[in-house]
Amino acid sequence: MNIVYCIPQLYNAGGMERVLTQKANYLASLPDKHITIVTTELTPASKQVSYFPLDKRVKVVELNIDFDTDFHAPLLRKFINHRRRQKIYRRKLQKLLTDTQADVCISLCGKEIAFLGSLNVPCRKLAEIHFAMTQREQLLMQFHKGPFWRLLGKIRTRQLQRAVRKVEKLVVLTHADEQQWRKAGVTNTVCIPNPTTIMPAKCGGHERKTILSVGRLHPQKGYDLLLHAWSQVASSHPDWKLQIVGEGDERQHLSALANELGIAHSVQMNGLSTDLTADYCRSGLFVLSSRYEGLPLALIEAMSCGCCCLAFDCPHGPAELITNRQTGILLPPEDSHALAQAINLYINTPEQRKKLGDAAYAYAKAHFALEPVMAQWLRLLG
């Protein structure tokens, strides 16, 4: 079976890239599966084509169409150039699917989702989305304000809904998101969660006095909310630190905010980690401060390492991982004060931290191990 995945790029250390490489490596290890990954964006000279290790049997085709080059361009120019690049992409992808005799093409809801369903190629067409249905609208509103941009965001959401109706199946990550898609008239949805990329047989004792958070330095991840929460905690616990692992465009803003709040001395933003498993296994608490998610991989990884986890009840994902205060603690969305109170509470109650961490580990092992998740994908692929 020839399977072609479409994703904007692989060079970032993001959750979507990490999960795709893990699934591609698994499938490539099977005797009847041949995997190709198609990317559209230019890989910077300073980076490898894939940040995460790829099995040598996985083929990567870089089309170098470079949609990202117009990210900050005026709206009209962006629209015109986008249409031109889409025509190029459509032509190249159709040729590639024909030449490789693809049996299945799977879009990760990049630019190709706009035309994949109408491509004249004899292969199955699937899509998987790692974000909530309204992600396009939420992303626009983080960078722009006003009714025009809100309307544009809603139009973008409707465009996505129309596009995914034309593929055979849309794979979403949570049951709550599946219900939202079906309510919007997208009835070809199926829920398959992401597998954890980390499942140590045994972790350390979570002895480090560190509040850990992992993710891109991006408004979606709510690190400004986390810093405001930490500013209410740090002075009471001078021996504890806040460690944010990740990179992104928000670094300068977040560093300035930490200085403004007087907590820079207790906040560590050291970029990407070379050993995330060790970071999870040693941290005293894990916090997910996101404004929105699909199914947060960092939260799954933290649970897989037995962390005591605190998370905002954002749409979607955390509520399906943290249930009845048994596998972690859910907090009101974007409520920095409630987060600060929870951090204080669990710093002061190590026995409760261990109880929640043990329950989180058992839950993650039962629901997000690689084999059972990939068994669901194999049934879908046929």
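Identify, please: which residue in the range 211-243 is open to solvent by 10 Å² or more (accessible area, probe 1.4 Å) and polar (S, T, N, Q) and is, among those, nearest to the chain's Cα centre (by Cα)? Here the residue is 243.
Considering (1) within 23 Å of residue 132 (Cα to Cα); (2) in contact with a helix residue (DSSP H, G or I) (Cβ under 6 Å, 6 or more places away or on another chain), the lone condition that residue 377 does not fulfil carries the number (2). Reported count of residues in the range 90-144, each being modelled with pLDDT under 95, touching a Lys or Arg at 6+ places or on another chain (Cβ under 7 Å) and part of a loop (DSSP other than H, G, I, E, B), is 0. Condition check for residue 182 on (1) in a loop (DSSP other than H, G, I, E, B); (2) farther than 21 Å from residue 302 by Cβ; (3) open to solvent by 10 Å² or more (accessible area, probe 1.4 Å); (4) not aromatic (Phe, Trp, Tyr): one failure, at (1).
Selection over the range 86-114 of residues that are open to solvent by 30 Å² or more (accessible area, probe 1.4 Å) and in contact with a helix residue (DSSP H, G or I) (Cβ under 7 Å, 6 or more places away or on another chain) gives a count of 2.
Name the pairs: first residue in the range 97-112 and on the phi < 0 side of the Ramachandran plot, second residue at pLDDT below 95 and of a type in the set (A, V, I, L, M), Cβ to Cβ under 7 Å, at least 6 apart or on different chains? From the range 97-112, the pairs are 108/16. The number of residues in the range 315-353 being in contact (Cβ under 8 Å) with a residue 60 or more places away in the chain, part of a loop (DSSP other than H, G, I, E, B) and open to solvent by less than 10 Å² (accessible area, probe 1.4 Å) comes to 1.
Picking from residues in the range 367-382 that are assigned to a helix (DSSP H, G or I) and open to solvent by 70 Å² or more (accessible area, probe 1.4 Å), the one that is farthest from residue 308 (Cα to Cα) is 379.
Exactly one residue out of 117, 153 is touching a helix residue (DSSP H, G or I) at 6+ places or on another chain (Cβ under 7 Å), small (Gly, Ala, Ser) and in contact (Cβ under 8 Å) with a residue 24 or more places away in the chain, and it is 117. Among the residues of the range 326-382, the one identified as under 21 Å from the mean Cα position of the chain (by Cα), more than 30 Å from residue 5 (Cα to Cα) and of a type in the set (D, E, K, R) is 334.
Within the range 185-210, which residues are open to solvent by 10 Å² or more (accessible area, probe 1.4 Å), part of a loop (DSSP other than H, G, I, E, B) and modelled with pLDDT of 95 or more? Matches in the range 185-210: 185, 187, 188.
Quick check: is even one residue across the range 258-277 small (Gly, Ala, Ser) and more than 16 Å from residue 229 (Cβ to Cβ)? For the range 258-277, residues small (Gly, Ala, Ser) and more than 16 Å from residue 229 (Cβ to Cβ): present. All conditions but one from (1) in contact (Cβ under 8 Å) with a residue 24 or more places away in the chain; (2) touching a helix residue (DSSP H, G or I) at 6+ places or on another chain (Cβ under 9 Å) apply to residue 270; the one that does not is (2). Each residue in the range 266-280 was checked for being surrounded by 22 or more Cβ atoms within 10 Å (Cβ to Cβ) and over 20 Å from residue 248 (Cα atoms), and 1 of them qualify.
The values are calculated or read from the model by the stated rules, or taken from the named source; none is laboratory data. All of these numbers come straight from a predicted model, not from anything done at the bench. Neighbour counts run over all protein chains shown; Cβ positions are idealised from the backbone, glycine included. Quick note on the areas: whole protein, heavy atoms, side chains included, nothing else; ligands and nucleic acids left out. Shrake-Rupley method; radii C 1.70, N 1.55, O 1.52, S 1.80 Å.
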